[in-house]
Amino acid sequence: MEAVRELFLQALKAALENRTVTWDSSLEEQQWLELFYLAEVHNVLPLVYEAVYRCPAAQKTEGELFLPFKRRTVQTVMLQAQKTNEFLRLYGMLTAAGLKPCVVKGIICRNIYPNPDFRISSDEDIWIPAEQFPLCHELMLSWGMSLSVPEQDIDAAYEVPYGKKGSPIYIELHKSLFPPESTAYGDLNRFFDGITENPKEVLVQGTKLYTMGHTDHLFYLICHAFKHFLHSGFGLRQVCDIILYANSHGDRIDWERIVDQCRQIHAELFTAALFKIGENHLCFDRDKACYPTVWREIELDESAMLEDLLDSGVYGDANMSRKHSSNITLNAVSAQKQGKNSGNNVLKTVFPPAKSLERRFPYLKEHPYLLPVAWTSRIFHYQKELQLTGGNDAAESIRIGNQRIELMKQYGIIE
């Protein structure tokens, strides 16, 4: 592993343990810049900066080098505090109206970090029964929120995003946790049927939030990471969420059910690799988490998974070539679930079936014969991105996609 990547993991571990790194040897200016770049790509700059800026090695470095990162850290933390406060007010309004929106990820995960506002959330996710969506939608609008995608068919969508003019708050309102139409992972919704009927209460800054029980929430965090892994990958922040959640609530988690459900979705080795990364490089504590014996005894090499996560960025969007590679990996997973040959992934990436394009081109639902028009529009958009965006190369996308298919085979996700 590259030296800077190792330093990044050390800093992240220190942040999760609420301490400062003990680096004494001077780092070169380029190493500091690469370290902070990695932190920004993984959306953990406040965590990393807080863990390193007081260490002996930092004291030997010109202060001006740290100034822009200090400024961004302070601004980001202040912005997160503002988003949190406004979300809690909005949520209080929804519950006062008799709703019990189920909060997932985001603020629930932040609440288990040593410094919650240092764990950044770009949005907050709320899950609500579909029949309660109309009332929730009206209440959101009355609060000053507006649709982030005005042209979206909110009745058909499984997820509706909202923003607010003059405010950093951003909400994704879910009717289901995963897109039901997805062949690759739409079936994950079956594990969460009926959960909103008996929510768990959590107190955050004096506001009562409703969320899932600990076993379901940990499994959801795993499934959410798994979904992104099937696309173009995910970063270290999600691993931090998973291991901190397990450390904090391990004695109240039904690990037998977690193991069984991971096996059902072919994610047992995938999940075991995440916990091994957490144990070897971060702060996962097997005993504190009551980690199951069956996973303790699994022998696997987590290094390939770790390198992929480090390359990915926070949600697999380190560059456009990697993002576009998701079409290859998703086609491979979908083909296996349908009992088909996973070959010809490149051809399927360029010319996918109408159903997989319906969210992007809604007219295909009623007029599937317009599929060639959608293909043409999609290719034109891709060519435009090639001209405007760095790190976007079709051949590189194919290389990354094929490499990640081999990674999925290594961890038992596909055959």
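The values are calculated or read from the model by the stated rules, or taken from the named source; none is laboratory data. Note that the structure is predicted; figures quoted are calculated from it, not measured. Every residue, glycine among them, receives a Cβ derived from its backbone with ideal geometry; neighbour counts consider all protein chains shown. Areas reflect the complete protein model, heavy atoms only, side chains present, ligands, DNA and RNA absent. Shrake-Rupley method; radii C 1.70, N 1.55, O 1.52, S 1.80 Å.
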key: Reach of K200 by Cα under 14 Å, taken over aspartates and glutamates that are not fewer than 8 positions away in the same chain   = D216
task = Calculate the tail of P(r) for the range 133-181: the fraction of all Cα-Cα distances greater than 17 Å, expressed in %.
result = 30
message = Let me check I've understood the local charge: for H174, count other residues with C-beta under 10 angstrom from its C-beta, Lys and Arg +1, Asp and Glu -1. What total comes out?
response = -2
task = Could you name the aspartates and glutamates whose alpha carbon sits less than 15 Å from that of K276, not counting residues in the same chain fewer than 8 places away?
result = D241, E268, D285, D287, E297, E299, D301, E302, E307, D308
task = Quote the relative contact order of the range 1-139 in percent (integer), defining contacts as alpha-carbon pairs under 8 Å separated by 6+ residues.
result = 23
key: Low-density loop positions, GluC sites (Glu not before Pro), the range 112-152 - DSSP coil, at most 11 other Cβ in 10 Å   = E151
request  = Take the alpha-carbon positions of the range 136-215, form their convex hull, and give its projected area averaged over all directions (one quarter of the hull surface) in nm².
outcome  = 7.1
task = Please report, in cubic angstrom per residue, the volume enclosed by the convex hull of the alpha-carbon atoms of the range 72-139.
result = 85
Carbon/sulfur fraction of accessible area - the range 215-306, other protein chains in place, 1.4 Å, % = 41
task = Take the alpha-carbon centre of the range 74-135, take the same for the range 230-248, and report the distance between them in whole Å.
result = 19
key: Equivalent ellipsoid semi-axes - Cα gyration tensor, the range 193-345, angstrom   = 27, 19, 17
query = Can you tell me the accessible area per residue over the range 1-148, all protein chains present, probe 1.4 angstrom, in square angstrom?
reply = 44
ask   = Which values of log₁₀ I(q)/I(0), to two decimal places, follow from the Debye formula for the range 1-160 at q = 0.11, 0.16 Å⁻¹ with a uniform point scatterer at every Cα?
value = -0.58, -0.90
request  = Pick out, in residue order, every one of the GluC sites (Glu not before Pro) in the range 25-103 that is DSSP loop and has at most 13 other C-beta atoms within 10 Å; say none if there are none.
outcome  = E28, E62
key: Packing-based order for 238-244, 113-119, using average beta carbon neighbours within 10 Å, highest first   = 238-244, 113-119
